[in-house]
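What follows is a single structure, written as structure tokens, with notes after it.
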Amino acid sequence: MIKKEKREHPRYRSKIIILFLGILFLLALFHQPLLNGLANQLVYKDALKPADAIVVLAGDHTGERLMAGISLFKKGYGRKIVFWGGPVYWKITNGELFLRQLKESGIGPEFALWSGERLIENSTWGEAQVNIALLKKMDAESFILVTSDYHTARARYVYARLARENNMAIYVCPVQDSTVRLRGWWKDRESAKTVLGEIERTVWYKLFQ
């Protein structure tokens, strides 16, 4: 007995095509707010309060993170500026770069606390181990975390857990990076690389860190 091949009804097929075209139309219409919203998820901001220390994360190439930390320090938001000062290239260390920038901004080394040790892991988590140890060394009970805006949500995810374990209060201060634009990030190659890379690392941290 020969079975008859079941054919799709023309109306059923046309409905699928209409649905597919409708989805494409919606994506074309709303892709900008969707993509901008995706980048906004990377940003976290707290209402700032004076704290024991201002922790400035390494990693930008413009000095804008430290400039923001210096501004907070001069406004009385912290007693010390804390940072990782280990090697970044050949014999050059992050400590040398930060201390030079602090000096040119009128802040002496006595107001800085850093460590030149190598990171156990070249990541936000690895840097956090060093910075939290420095905060414990100065008996800090609170700190302001300063980093680039696109990095704040992931940085907070890492530091908030360590802060809780050490009974410290944390306040996050995002800094706008002049080399990365979050609004319309897909239109600029450098911004797209940064945003997509941060999304990838954020997912990895949430799943495995």
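The values are calculated or read from the model by the stated rules, or taken from the named source; none is laboratory data. Everything quoted here is computed from the prediction, not taken from an experiment. Here Cβ is always computed from backbone atoms with ideal geometry, including for glycine, and neighbour counts include all displayed protein chains.
Scan the stretch 81-94 for residues that are touching a helix residue (DSSP H, G or I) at 6+ places or on another chain (Cβ under 6 Å), outside any loop (DSSP other than H, G, I, E, B) and buried (at least 19 other Cβ atoms within 10 Å of the Cβ) and the total you get is 4.
Here is a check on your reading of the model: is Val130 part of a strand (DSSP E or B) and not hydroxyl-bearing (Ser, Thr, Tyr)? Write out each step before concluding.
Numbers: part of a strand (DSSP E or B): no; not hydroxyl-bearing (Ser, Thr, Tyr): yes.
Judged against the criteria, Val130 is not a match.
I'd like to check something: does the stretch 139-154 contain any residue that is in contact with a helix residue (DSSP H, G or I) (Cβ under 9 Å, 6 or more places away or on another chain), assigned to a loop (DSSP other than H, G, I, E, B), buried (at least 21 other Cβ atoms within 10 Å of the Cβ) and hydrophobic (A, V, I, L, M, F, W, C)? The answer is yes, given that some residue of the stretch 139-154 is in contact with a helix residue (DSSP H, G or I) (Cβ under 9 Å, 6 or more places away or on another chain), assigned to a loop (DSSP other than H, G, I, E, B), buried (at least 21 other Cβ atoms within 10 Å of the Cβ) and hydrophobic (A, V, I, L, M, F, W, C). Candidates Leu34, Leu29: the one that is among the hydrophobic types (A, V, I, L, M, F, W, C) and at pLDDT below 85 is Leu29.
Kindly check whether there is at least one residue in the stretch 171-191 that is within 22 Å of Gly37 (Cβ to Cβ), touching a His at 6+ places or on another chain (Cβ under 8 Å), at pLDDT 95 or above and in a helix (DSSP H, G or I). So far as the stretch 171-191 goes, no, none of its residues is within 22 Å of Gly37 (Cβ to Cβ), touching a His at 6+ places or on another chain (Cβ under 8 Å), at pLDDT 95 or above and in a helix (DSSP H, G or I). Just one of the numbered conditions (1) closer than 15 Å to Ala53 by Cα; (2) modelled with pLDDT under 95 is not true of Trp90: (1).
Give me a count of the residues in the stretch 194-209 that are in contact (Cβ under 8 Å) with a residue 12 or more places away in the chain and either assigned to a helix (DSSP H, G or I) or hydrophobic (A, V, I, L, M, F, W, C) (or both). Full working, then the answer.
Narrowing the stretch 194-209 to residues in contact (Cβ under 8 Å) with a residue 12 or more places away in the chain: 194-195, 198-199, 201-202, 205-206, 209.
Filter once more, keeping what is either assigned to a helix (DSSP H, G or I) or hydrophobic (A, V, I, L, M, F, W, C) (or both): 194-195, 198-199, 201-202, 205-206.
Qualifying residue count, the stretch 194-209: 8.
If only residues of the stretch 183-197 that are buried (at least 19 other Cβ atoms within 10 Å of the Cβ) and of a type outside the set (Ser, Thr, Tyr) are counted, the one that is nearest to Gly59 (Cα to Cα) is Val195. So which residues in the stretch 140-188 are of a type in the set (Val, Ile, Thr) and under 18 Å from Val82 (Cβ atoms)? Once the filter is applied, which keeps residues that are of a type in the set (Val, Ile, Thr) and under 18 Å from Val82 (Cβ atoms), the stretch 140-188 yields Ile144, Val146, Thr147, Thr152, Val158, Ile170, Val172, Val175.
Go through the residues of the stretch 161-169 one by one and say whether even a single one is closer than 30 Å to Asp52 by Cβ, touching a helix residue (DSSP H, G or I) at 6+ places or on another chain (Cβ under 7 Å) and part of a helix (DSSP H, G or I). Checked the stretch 161-169: at least one residue is closer than 30 Å to Asp52 by Cβ, touching a helix residue (DSSP H, G or I) at 6+ places or on another chain (Cβ under 7 Å) and part of a helix (DSSP H, G or I).
Comparison of Leu66, Leu97 shows that the only residue that is surrounded by 15 or more Cβ atoms within 10 Å (Cβ to Cβ) and under 23 Å from Ser191 (Cα atoms) is Leu66. Among the residues making up the stretch 163-193, those that are within 27 Å of Tyr77 (Cα to Cα), of a type in the set (S, T, N, Q) and without any contact (Cβ under 8 Å) to a residue 40 or more places away in the chain are Asn166, Asn167.
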